[in-house]
Structures are given as C-alpha cells and as structure tokens.
Amino acid sequence: MPTDTSSSVTIRPIRAEDLDSLLAMNNAAVPAVGELTKDKLDGLVAMASHAVTAELDGTAAGFLLCLPEGTAYPSRNYRWLSERIERFAYVDRICLAPHARNLGAGEMLYRHIIAQLTPEDGPVVCEVNTRPDNPGSRRFHERIGFHEIGTADYGDMAVVFLQHDAATQGTERK
C-alpha cells in the first residue's frame, strides 16, 4: 500500500524480496553507512519500528530503518543516545542508490517516518560520520530540519548526533 508519492518515487514497507538489493545498496555505500551481512540486515529490519523503502519505477532504490529506544541493539551510537535521551526514534540508517539521489526520496523517507510518530515516541535522532567525513549527509539532514545535539569520537571514527523535533520536543535525561 503506497503511502507517499512524488513523480515515480513511492514509500512503502520493506518486503522480503527487497532485502538482497537493499543489502547490496547498503554495502556499496560504505563508509557512509556501516557494512551489513544478510543476517544483520534481517535482524535490523525485524527490530525496527519502521522499515521502509523508496521504490523508484517499481524497484527498491533506498531505505530507512528506525528503531525505538529500549531496543537490545549493541551499537555504540545507540548507546550514546540511550544514555542522554529518555525517548527517541533512532534512524539507524538511511541509504539511497546513486540513481535515486536528488529526487526527494531521502526527504520522503524521513517525512513518512515523522508523520507516523507521536509525542510518546520522542524525537527522531541519528548520527552522521565526521571521520570519515560525510558532509553531504550532514547538509541533507540540516536542510530537512535536524540540529546537532552532541558528538562522539571513538578513535577509529567520529560522529555528530542530530535530532529532529517535528514529532515532539525531546526529553533529555536528567
């Protein structure tokens, strides 16, 4: 059931038949996103509160995975957010195939998620790499309304944490 359309882009739930192409798309985008195995992608989709794809001309051309707080997810970025924000909707990854970029698909994926959230879900949060640097992703997120809430340097990589307050005002841990 399509939920958003713009020209030939449709946002819909991820289907099992999408997974192989989404895995290849994700791994072609490393280091902008973390590399995945088939099992890890399957696990992330299963634990996601929202797992949607941008379909372009009948083919999955991008995806977004959003996890709620309180999930048993062993990510150091997820842990950083869990220690600082009481409730949140965490975008673990957004990834677009090169041919789907600059068509509005990324913004459509976020709008779809934000429209489904309630104040009880908390703000939408994510991180963007600063080492290795991903300035295109940072510009994109700032353009659609995200703002910086912190940074972390893990030695092997560094990130900036971003938050979007459209669904609610974030509740920071005291």
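Summary table below
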item: Protein accessible area in the range 58-113, 1.4 Å probe - carbon and sulfur %; result: 48
item: Estimated inter-spin distance, SER49 and ALA152, nm [label 7 Å along Cα→Cβ]; result: 1.9
item: Residue-by-residue Karplus 3J(HN,Hα) for the range 53-64, coefficients 6.51, -1.76, 1.60, Hz, glycine and proline x; result: 10, 9, 9, 10, 6, x, 10, 4, 10, x, 7, 9
item: Separation in nanometres of the label points that stand 7 Å from Cα toward Cβ, at THR37 and ARG101; result: 2.9
item: For the range 63-174: rounded, prolate or oblate by the Cα gyration tensor [a/c cutoff 1.5]; result: oblate
item: The range 1-146: mean projected area of Cα convex hull, nm²; result: 8.4
item: Residue-averaged 222 nm ellipticity for the chain, from DSSP H runs of 4+ at -39500 (n - 2.57), nearest 500; result: -8000 deg cm²/dmol
item: Pairwise centroid distance, computed over Cα atoms, of the range 78-151 with the range 22-50, Å; result: 15
item: Accessible surface, the chain, averaged per residue in Å² (probe 1.4 Å); result: 49
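The values are calculated or read from the model by the stated rules, or taken from the named source; none is laboratory data. Because the structure is predicted, anything quoted here is derived from the model rather than measured. Positions of Cβ are backbone-derived with ideal geometry, glycine not excepted, and every protein chain shown enters the neighbour counts. What goes into the accessible areas is simple: the full protein's heavy atoms, side chains included, and nothing from ligands, DNA or RNA. Shrake-Rupley method; radii C 1.70, N 1.55, O 1.52, S 1.80 Å.
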